[in-house]
Amino acid sequence: MPVLRTPALTSGRRPLTALLTAALLLGAAVGAGSTTAATAATATGTATATAAHADEPGWTAEPAAGGAGPARPYFYLSGPAGTVLEDRLALTNGSDRERTVTLRGADAYNTADGALAVRPAEPPAAEGPSGTARGAGSWISFGTATTVRIPPRTRAVVPFTVTVPPASPPGDHPAAVIASEDGREAGVRIHLRVAGPTLAALTVEDVSVRGKGARAVVAYTLVNRGNVALVPELALRAEGLFGEVPGRTARALPVELLPGQRVSLTEPWPGAPVLDDVDLTLTVTAPGAAPATAGASARFVPWGIAARTGAGLLGLGAVALAALLLVRKRRARGRGPAHEEPVPAGKRTPEHELTGASR
C-alpha cells in the first residue's frame, strides 16, 4: 500500500521518518495484518490470534479509485500556477470500533541518506507569513473534513483540494497527505507538478574513499540543482599506477532525489586494490540531465605487511652486521707480531768489533 506508517510518536513535533514509497502494493498493510493473525492462530491457538488482531492498525489510507481503472499507488496532480486541483482520499476502517482520523498536508523531502520523509506538523507560530508554510504541503486543504469519524467496517472517501499559488515556480513540488490517529500516522504521497519549463540538473561532490580491500567504499554527495525529481545512475572508473583497476559499472541508485535536495551516499568498491595509487572518476547520470563527474585520489598501502617486511629487513641487517664484526675480530686474533720496518743501507749504524784490548 502506498502509505507511510510510523510507530507511536512521543511528541507532536517528533519528525516523521518512515519512508514514503510508491512501490508498495495496494492493500499490503491489510494483507500483512491478516497474514500475521492467521499465522499466529495456526501456531498458538485462538487466544494468540485474537491478540494479534488487536494489534492490527485497523484502518488504511490510500487514493480513492478513479472509476474502473487500476488502484493508484499515489496521487499525481498537474496544472499551471494559480489553479485549484482536486482529488479524493479513501479511508478504510477494517476494525470493529469507530475510528477518528485527523488529516493534513505535509511537505516531502530527502533525508541525509536519501530516504523520503515528510515534515512534522508545525504549530501556527512556526509557520511562514500569513499563516502559510513554505512548501506544497500548505497548498492542501480538506475544508471542514480535517477530522473524520469512520464507523466500523466502513470506507469513507474524503475530497481535498490543492490550491497552487499564482507565483509558484514550475517543476515538481513533492508533498503528501497525512492521516493520523492516537499517535499513529499514515501518509500517501502526492506527485505534484506545476506546468512550465523543467530542468533536470545534477552534480556530484565530496568524493572520497573509506576503508580498504573488499570493505572499501566510495563516499559522495549528490545535489539536485533542477526543478524535477531524478532517479540517478552511478558508474565508477579507477586508474592505478599499473593500469585500470576494476570499478563499478553503471547501475540505478535506490534513491529518488527531489528538487533542491542534497544527499550523502556510499558505494561499495570490492575491486579496490591492496597496493596502488589510484585516481577515481565518479560519473552520475539521470534522464534528461547532463552527466555529472567528480574525482578523487586514493593511496592503498598494506601497512601491516609493510611493517612486518620492514621489521624483517631490520633483523636481517642486524644479523649481517653482527657477522661482519665477528669475522673482523677473528682475523685480528689470528695475526702474528708485527714485523719491524727495514732500515735503508745508507742509514745503518756502524758496527763496532769487540775485542779484549782497551783503546
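The values are calculated or read from the model by the stated rules, or taken from the named source; none is laboratory data. Computed from a predicted model, the values in this text were never measured in an experiment. Glycine also receives a Cβ, built like all others from the backbone with ideal geometry; neighbour counts cover every protein chain displayed. Note: areas computed on protein heavy atoms with side chains; ligands, DNA, RNA excluded. Shrake-Rupley method; radii C 1.70, N 1.55, O 1.52, S 1.80 Å.
Relative contact order for region 180-272: 30 percent, from Cα pairs under 8 Å spaced at least 6 residues apart, divided by residue count.
Using a/c under 1.5 as the rounded threshold, could you call region 157-312 rounded, prolate or oblate? The axes a ≥ b ≥ c are square roots of the C-alpha gyration tensor eigenvalues, and prolate needs a/b larger than b/c, oblate otherwise. The shape class here is prolate. Remark on Trp59: its backbone amide H falls under 5 Å from those of Gly94, a criterion applied only to residues 5 or more positions apart or on other chains, H modelled at 1.01 Å from N. Computed extension gain for Arg97 through Glu233, at 0.36 nm per residue and net of the alpha carbon distance, reaches 44.2 nm. Distance from the C-alpha centroid of region 177-230 to that of region 76-111: 22 Å, rounded to the whole angstrom.
Rounded to two decimals, the Cα radius of gyration of region 110-237 over 2.2 N^0.38 Å is 1.42. Taking only the alpha carbons of region 166-210, we obtain Rg and Dmax values of 17.3, 47 Å in that order. Give the calculated FRET efficiency between Arg299 and Ala71 to the nearest 0.05, with a Förster radius of 51 Å applied to their Cβ-Cβ distance. Efficiency computed from Cβ-Cβ geometry: 0.40. Rounded to whole numbers, the Karplus 3J(HN,Hα) couplings from phi for region 235-245 are 9, 10, 10, 9, 10, x, 5, 10, x, 6, 9 Hz, using 6.51 cos²θ - 1.76 cosθ + 1.60 with θ = phi - 60°, and x at Gly and Pro. With the convex hull constructed from alpha-carbon coordinates only, region 216-288 shows a mean projected area of 5.0 nm² over all directions. A Cα-only calculation for region 194-237 places Rg and Dmax at 14.7, 49 Å. Restricting the GluC sites (Glu not before Pro) of region 203-308 to loop positions (DSSP other than H, G, I, E, B) with no more than 12 neighbouring Cβ atoms within 10 Å leaves nothing.
Ordering Tyr109, Tyr74 by accessible area with a probe of 1.4 Å, largest first, what comes out? Before the final figure, lay out each step's value.
Working: Tyr109 35, Tyr74 75 Å².
Heavy-atom accessible area, descending, gives Tyr74, Tyr109.
Rg and Dmax over the alpha-carbon atoms of region 141-183 stand at 14.4, 43 Å. Here the contact order of region 103-238, divided by its residue count and restricted to Cα pairs under 8 Å and six or more residues apart, works out to 20 percent.
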